[in-house]
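Presented below is the structure to which this report refers.
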Amino acid sequence: MGNEFEAQSLPEEGVPPEFRAGCHPAGRSQERIHVPYRSPCDPCPPLPFKTYVVPPNQFIVFQPPNWPQYPPEQALRCGTLWPALHSPYRPRRGREGEAT
Amino acid sequence: MWVYEKKLQYPVRVSKCDPRMAKLLLEQYGGADGELAAALRYLNQRYSIPDKVIGLLTDIGTEEFAHLEMIATMVYKLTKDATPQQLDAAGLGPHYVAHDSALFYSNAAGVPWTAAYIQAKGDPIADLYEDIAAEEKARATYQWLIDMTDDVDLQDGLKFLREREIVHSLRFREAVEILKEEREVRKVF
């Protein structure tokens, strides 16, 4: 079952590698891409794509016991004890050519 | 009752003078999906929810007050040395005439906080789903706040708060699972 958003005609070039793979436990980036409809009558030049985040909590129904944990100091900094729940956020500011 | 620890949950550092960002941060202070709304929503829902998840609402509601303190510290640091002219230039002129540089529970557009932002429906599933939605909306708000500043120290504190929303959302979803499983009902087959 594929993701219909990703199945859209994405320009292969210009898609940053962050979107293809990541540190997510399921082996994929937490960022998703979609391309808004482009009308021939649009007043502004189209942006290549828009992004949104799907954090790892969306793939966990009930957290199992005994998951690997960060060392305490790192956990305090990350905001969570468990690497599997960590969600880094790439600020959109300064991302060239991306919809924001 | 509560026991107060006189320190922040996570250190708040602000390294850029930017009163404009203080105005934007107010969205998480007195906004519909802000920390005040979250804390009051959870702590109030506790009384009419099944025993198994009362403790969760207490814990998360309490932590939201710790987050509220962090946001307050950020806003305070960004405004404490600003002149009335600087506040006006940052869009905080209307705030200044009503409050000087005191903090107040309003959102980024200056709309004062209202209890109409929160709900206690008395139905455990409905209430928990509202809580899950509130956490995801707060996560998104933190993302857009991070996008609005280039101060890496401020971004660091906001990223911590964003991660906590993700953890809270999962805990509320687990609470729904606990209630779905009818763990207290004795089944006879």
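Pairs only if they're at least six apart or on different chains, beta carbon under 8 angstrom, first in the stretch B:156-170 and touching a residue at least 40 places away in the same chain (Cβ under 8 Å) and facing another protein chain (nearest Cβ under 7 Å), second part of a helix (DSSP H, G or I) and surrounded by 23 or more Cβ atoms within 10 Å (Cβ to Cβ); list them, first residue then second.
B:164/B:67
Table: residues versus (1) over 14 Å from the mean Cα position of the chain (by Cα); (2) of a type outside the set (A, V, I, L, M).
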site: B:93; (1), (2): yes, yes
site: B:96; (1), (2): yes, yes
site: B:126; (1), (2): yes, no
site: B:133; (1), (2): no, no
site: B:155; (1), (2): yes, yes
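Listed here are the residues, each with its yes/no results for (1) assigned to a loop (DSSP other than H, G, I, E, B); (2) hydroxyl-bearing (Ser, Thr, Tyr); (3) within 20 Å of residue B:104 (Cβ to Cβ).
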site	(1), (2), (3)
B:8	yes, no, no
B:37	no, no, yes
B:41	no, no, yes
B:59	no, no, no
B:62	no, yes, no
B:70	no, no, yes
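If I filter the stretch B:1-40 down to residues being out of contact with any Gly (no Cβ under 7 Å at 6 or more places or on another chain) and of a type in the set (S, T, N, Q), which single residue comes out as modelled with the lowest pLDDT?
Per the criteria, the residue is B:15.
So which of A:90, A:28, A:77, A:38 is surrounded by 12 or more Cβ atoms within 10 Å (Cβ to Cβ), at pLDDT 55 or above and either over 20 Å from residue B:167 (Cβ atoms) or among the acidic types (Asp, Glu) (or both)?
Residue meeting the stated conditions: A:28.
Counting only residues that are surrounded by 15 or more Cβ atoms within 10 Å (Cβ to Cβ) and either small (Gly, Ala, Ser) or touching a residue at least 40 places away in the same chain (Cβ under 8 Å) (or both), which one in the stretch B:141-152 is nearest to residue A:87 (Cα to Cα)?
Result: B:142.
Name the residues in the stretch A:41-78 that are at the interface with another protein chain (Cβ under 9 Å from one of its Cβ atoms) and basic (Lys, Arg), would you?
Of everything in the stretch A:41-78, just one residue is at the interface with another protein chain (Cβ under 9 Å from one of its Cβ atoms) and basic (Lys, Arg), namely A:77.
Tell me, please, whether a residue that is surrounded by fewer than 20 Cβ atoms within 10 Å (Cβ to Cβ) and either among the aliphatic types (A, V, I, L, M) or out of contact with any Leu (no Cβ under 9 Å at 6 or more places or on another chain) (or both) can be found in the stretch B:16-23.
No: the stretch B:16-23 contains no residue that is surrounded by fewer than 20 Cβ atoms within 10 Å (Cβ to Cβ) and either among the aliphatic types (A, V, I, L, M) or out of contact with any Leu (no Cβ under 9 Å at 6 or more places or on another chain) (or both).
The values are calculated or read from the model by the stated rules, or taken from the named source; none is laboratory data. Keep in mind it's a predicted model, so treat the numbers as computed, not measured. Note that we place each Cβ from the backbone using ideal geometry, even for glycine, and neighbour counts take in every protein chain shown.
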